[in-house]
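Participant: My structure is below; once you've seen it, I'll send some questions.
Each value in this text was obtained by applying a stated rule to the coordinates, not by laboratory testing. Since we're looking at a predicted model, the values are computed, not measured. For neighbour counting, all protein chains shown are included, and Cβ atoms are generated from backbone atoms with ideal geometry for every residue, glycine included.
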Amino acid sequence: MKVILREEIPALGKLGDIVEVRKGYARNFLIPKKKALEATERNIKALEMEKSLARLKLERGKAKAQKVAEQLRDMTCIIEQKVGEDDKLYGSVTSMDVVEKLESQGITVDRRKIHLPEPIKQLGDFTVTIKLHPEVTADVTVKVVKAE
């Protein structure tokens with residue numbers, strides 16, 4: 001029986017794939033759990049329509065992400081932190097601090113898209129990668145300075 005996958009199933013395939021499975025597996029597991037649809041002409045046409053709409057949405061998102069990436073390339077975020085002896089920070093600079101600083105400069109970014117392997121715990125310049133879109137990333141320089 002041919003079915004259209006509605007989610008990724010490791011042993012079978014990815015979302016939108018049309019695969020051949022045994023009738024019992026499709027009728028008793030995949031279709032009732034809404035993991036797949038029967039591959040009728042109507043369902044295949046609906047899948048193609050969904051794919052084209054998703055592709056258009058992705059392209060629009062990519063154009064917006066590229067505009068934001070252009071703004072971010074020339075930007076430096078200066079974050080002031082309190083320091084103790086030997087210029088050690090009292091706290092740390094996290095992705096949330098970077099988001100707040102970017103918002104104060106007029107750019108809105110989701111904090112989950114900021115790739116900061118570990119919080120910044122010292123003064124200096126750091127390069128932070130922001131993944132704006134699956135195909136678009138931007139690097140921002142974060143400068144951590146001593147608060148006056």
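Participant: Out of the trypsin sites (Lys or Arg not before Pro) in region 1-35, which ones are loop residues according to DSSP with at most 11 other C-beta atoms within 10 Å?
Facilitator: Taking region 1-35 and a limit of 11 other Cβ atoms within 10 Å, the loop trypsin sites (Lys or Arg not before Pro) found are Lys14, Arg22, Lys33, Lys34.
Participant: As a test of the formula, what do you get for the chain when each DSSP H run with n ≥ 4 contributes -39,500 (n - 2.57) and the sum is divided by the residue count, at 222 nm and rounded to the nearest 500 deg cm²/dmol?
Facilitator: For the chain, the value works out to -10000 deg cm²/dmol.
Participant: Provide the packing ranking of 103-112, 65-74, i.e. peptides ordered by the mean count of other C-beta atoms within 10 Å per residue, highest first.
Facilitator: Listed from highest to lowest mean packing, they are 65-74, 103-112.
Participant: Sticking with this one: Return the distance in nm (one decimal) between the two label points of a simple spin-label model at Lys14 and Lys57, each offset 7 Å from Cα along Cα→Cβ.
Facilitator: Going from the Lys14 label point to the Lys57 one covers 1.7 nm.
Participant: Distance in nm between label sites at Gln66 and Arg6, each 7 Å beyond Cα in the beta-carbon direction?
Facilitator: Each label point is offset 7 Å from its Cα along the Cβ direction, giving 3.5 nm.
Participant: Note the full-extension length gain between Glu41 and Thr137 as 0.36 nm times their separation in residues minus their Cα-Cα distance, in nm to one decimal.
Facilitator: Fully extending the segment from Glu41 to Thr137 adds 30.7 nm.
Participant: If you fit an axis through the alpha-carbon atoms of helix 41-73 and take the longest principal axis of the Cα set of the chain, what angle between them do you get, 0 to 90°, nearest 10?
Facilitator: Roughly 10 degrees, rounded to the nearest 10.
Participant: Expressed in nm to one decimal, what extension gain is obtained for the pair Met49 and Asp110 from 0.36 nm per residue of sequence separation less their Cα-Cα distance?
Facilitator: Computed gain between Met49 and Asp110 is 19.1 nm.
Participant: Also, quick follow-up: Please list 3J(HN,Hα) in residue order for region 91-100, calculated via the Karplus relation 6.51 cos²θ - 1.76 cosθ + 1.60 where θ = phi - 60°; whole Hz, with x for glycine and proline.
Facilitator: Each residue's phi maps through the Karplus curve to give x, 9, 9, 10, 4, 5, 5, 5, 4, 4 Hz.
Participant: Can you list the lysines whose alpha carbon sits under 19 Å from that of Lys67, skipping same-chain ones fewer than 8 residues off?
Facilitator: Cα-Cα hits under 19 Å: Lys57, Lys101, Lys113, Lys131.
Participant: A follow-up question, please. Pick the calculated Cα extents along the principal axes in Å for this structure from (i) 59, 38, 25; (ii) 70, 30, 18; (iii) 69, 35, 31?
Facilitator: Label of the calculated value: (ii).
Participant: Let me ask another. Using Cα-only point scatterers and the Debye equation, what is log10 of I(q)/I(0) for region 53-126 at each q in 0.18, 0.20, 0.26 Å⁻¹, rounded to two decimals?
Facilitator: -0.81, -0.93, -1.27
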